[in-house]
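Values in this text are rule-based calculations from the coordinates and carry no lab data. All of these numbers come straight from a predicted model, not from anything done at the bench. Here Cβ is always computed from backbone atoms with ideal geometry, including for glycine, and neighbour counts include all displayed protein chains.
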Amino acid sequence: MRLFMIGTFPPPIHGMSAVNLAVSKRLLAEGWQVEVLNTAPQSLSRGIFARLGRLPAILQVWWYLVSIKLRDEGEYPVAYIALSGGWGQVYDLVTVAICRMRGLPCVLHHHSVAYLFKKSLLTAWLCHVAGLNTASHVVLCQRMKRWIKDLYGIRQVTVLSNSVLFPMHPQQKERDILRVVGFLSNVTREKGGEFVLALALAIRQHEWPLRVVVAGPCHDDNLVKALKAATKEGILLWLGPVYGEDKSKFWKMTDVFVFPTQYANEAEPLVLWEALSAGAPVIAYGRGCIPSQLKNSGVVVETDKDFVEEALSVLKTWQEPNRFHEASKQVKRRYADACASAETSWSDFTRLLQQDESRGK
């Protein structure tokens, strides 16, 4: 069984590259012949030069797909393509066209919801070139499945939650008292960095016995200054990047996780699965798949509501030990349910790849 995996792989590390790496590792472990065709940029910058900086890697991938000799008989490679969320789909469109020209069956993995709220002409072209009745599509939740079918008329859609790709060993513990509110991400405005600062300040003003701990790198000069100043004044504690044992310590100390994301492409954040595996109830904006991801394991804030105001209301309630202990138990149940359904989703996914392989030529 042979597979071309086309998309971004670490470095740099971000949600899509981490998922692609996890998919490739698991498929290799299960006996697939995986050829990684990496189109990653050199940095996480969203500037025009960073986007154009991907072009040399993408040109290499295109040349490989055009020039490689394919088998005349027997198994045929599947082109598994991790789609970009925005203008990167221009590159994806050419990749899909080359794969169709070579007779490769396409599996398109959608990591973004940016083009699922309103129909994108670029995405529509891409889906049409891939083949509305022949290409297979992979999404992260039932919500995305419904949106993509309704907007683009796609028929073959399989749901594969990110939870299946990261068999995180739970660090869950019984949580009776709320002490620490945590946030872990690349600290940007899009990911809600300013909201976390505002929440920490509001907690200080209420004189609640709560500590706010922020973890993750920050490359926004204004946010860096604000985080350092807030740490100096004792409003919050900014740890900076955390890895390995430091990251484990962060999850062990975090009683509640907040995630006020503003990111337009937000779909099913990996960090929320980490929070649930650690047993921490979550307060998050309900973007993308987050409502179905959390279910009853926290509080989903409507995107038109004031996050700080809503979070303060929840945190006030959860300072009652009985209410917080019940919220913690709900997290444990939700994570157990997610783990139980994960393997079924993976089986559906690999069966899809095998079916596409048989349809090659």
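For the peptides 152-161, 24-33, the ranking by mean Cβ contacts within 10 Å, running from highest to lowest, is 152-161, 24-33.
If you look at the Cα atoms of the chain, you get an Rg and a Dmax of 21.5, 72 Å.
Across the stretch 25-41, computed HN-Hα scalar couplings (Karplus, 6.51 cos²θ - 1.76 cosθ + 1.60, θ = phi - 60°) run 5, 5, 5, 4, 5, 9, x, 6, 8, 9, 10, 7, 10, 7, 10, 5, x Hz from first to last residue, x flagging Gly and Pro. In this structure, the amide hydrogen of residue 211, modeled 1.01 Å from its nitrogen in the peptide plane, lies closer than 5 angstrom to those of 180, 181, counting only residues at least 5 positions away or on a different chain. For residue 259, the residues whose modelled amide H falls within less than 5 Å of its own, excluding neighbours fewer than 5 places apart on the same chain, are 283, 284, 285. The stretch 158-279 gives an Rg/Rh value of 0.97, both radii derived from C-alpha positions and Rh following Kirkwood. Counted residue by residue at 0.36 nm each, then reduced by the alpha carbon distance between them, the extension gain from residue 118 to residue 189 reaches 23.2 nm.
Short to long, the 5 Å bins of the Cα pair-distance histogram for the stretch 2-159 hold 2, 9, 18, 23, 21, 17, 8, 2, 0 percent of all pairs. Diffusion of the stretch 122-218 by Stokes-Einstein, at 25 °C in a medium of 0.890 mPa s and with Rh set to the Kirkwood radius over alpha-carbon pairs, works out to 139 µm²/s.
Could you state the angle between the C-alpha long axis of helix 193-206 and the longest principal axis of the C-alpha atoms of the chain, as a value from 0 to 90 degrees rounded to the nearest 10? That works out to roughly 20 degrees.
Annotated for the stretch 139-275: lysine pairs at least 8 residues apart or interchain, Cα distance under 19 Å, count 6.
What is the packing order of peptides 274-280, 132-138, taking the mean over residues of other C-beta atoms within 10 Å and listing the highest first?
The most tightly packed comes first, giving 274-280, 132-138.
What the phi angles of the stretch 256-271 give under the Karplus curve with 6.51, -1.76 and 1.60, with θ = phi - 60°, is a coupling list of 10, 10, 10, 8, x, 5, 10, 5, 4, 8, 4, 10, 9, x, 4, 5 Hz, glycine and proline written as x. Only alpha carbons enter this Debye calculation for the stretch 234-297, each as an equal point scatterer, and the log10 of I(q)/I(0) it gives at q = 0.14, 0.16, 0.22, 0.29 Å⁻¹ is -0.44, -0.57, -0.99, -1.30. Just checking the chain: which Cys have no other cysteine's beta-carbon under 4.7 Å? Result for the chain is 99, 106, 127, 218, 339, no neighbouring Cys Cβ within the cutoff.
Taking other residues whose beta carbon is less than 14 angstrom from the beta carbon of residue 18, and scoring Lys, Arg as +1 and Asp, Glu as -1, yields +1.
With contributions of -39500 (n - 2.57) from each DSSP H run of at least four residues, the per-residue ellipticity at 222 nm computed over the chain stands at -14500 deg cm²/dmol.
Note that the stretch 298-306 has calculated 3J(HN,Hα) couplings of x, 10, 9, 9, 4, 5, 8, 9, 6 Hz, one per residue in order, obtained from phi through the Karplus relation 6.51 cos²θ - 1.76 cosθ + 1.60 (θ = phi - 60°); glycine and proline are x.
Amide H to amide H distances under 5 Å link residue 303 with 286, where only residues 5 or more positions off or on other chains count and H is placed in the peptide plane. The long axis of helix 121-130 is offset from the longest Cα principal axis of the chain by roughly 50 degrees. Here the stretch 262-361 is treated with +1 on each Lys and Arg Cβ and -1 on each Asp and Glu Cβ, and its dipole about the Cα centre works out to around 320 debye.
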